[in-house]
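Handing you a structure now.
The values are calculated or read from the model by the stated rules, or taken from the named source; none is laboratory data. Just so it is clear, the model here is predicted, and its values are computed rather than measured. All Cβ positions, glycine included, derive from the backbone under ideal geometry; neighbour counts span all protein chains shown.
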Amino acid sequence: MQSDPDSYNGCMDDMPKLAQTIDQVVAGRTELYEAIVRYYEGFVFSVAVRVTFDRDLAYDVTQDTFLKLYGSLSKFRGSPGSRHTFIVLPPMPVSTLPANGPSIL
């Protein structure tokens, strides 16, 4: 089975042509932001599930992450020679974590 080059590949490699796509989104081609979301949504959601232990809350956290990322795209500065771009989950209030708290696995 061949993998789709436009979707997250299971490791935190940068999306192909990420910096160029971000530049185009910032320049007004906002429809291209969907490619960024589609590439990283699986990774962000999987991290959110592991942090929140709640799939419904993880969907909300994932959406919030991409909304905040969109608002800060103009501040993006890719590191020369860096192979990784990290999308960081937004800080969550303690009240959104499960009542029994996160566990260390």
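Among the listed residues 57, 89, 73, 97, which satisfies the condition of being of a type outside the set (D, E, K, R) and at pLDDT 90 or above? Spell out the reasoning first.
Numbers: 89 fails: at pLDDT 90 or above; 73 fails: at pLDDT 90 or above; 97 fails: at pLDDT 90 or above.
Step by step, each of 57, 89, 73, 97 is checked, and only 57 is of a type outside the set (D, E, K, R) and at pLDDT 90 or above.
Please count how many residues of region 22-75 are assigned to a loop (DSSP other than H, G, I, E, B) and either surrounded by 14 or more Cβ atoms within 10 Å (Cβ to Cβ) or of a type in the set (Lys, Arg) (or both). Let's see the steps before the verdict.
Going residue by residue through region 22-75, those that are assigned to a loop (DSSP other than H, G, I, E, B) are 27-29, 53-54, 72.
Among the residues that remain, those that are also either surrounded by 14 or more Cβ atoms within 10 Å (Cβ to Cβ) or of a type in the set (Lys, Arg) (or both) are: 29, 53-54.
Residues flagged as assigned to a loop (DSSP other than H, G, I, E, B) and either surrounded by 14 or more Cβ atoms within 10 Å (Cβ to Cβ) or of a type in the set (Lys, Arg) (or both) within region 22-75 amount to 3.
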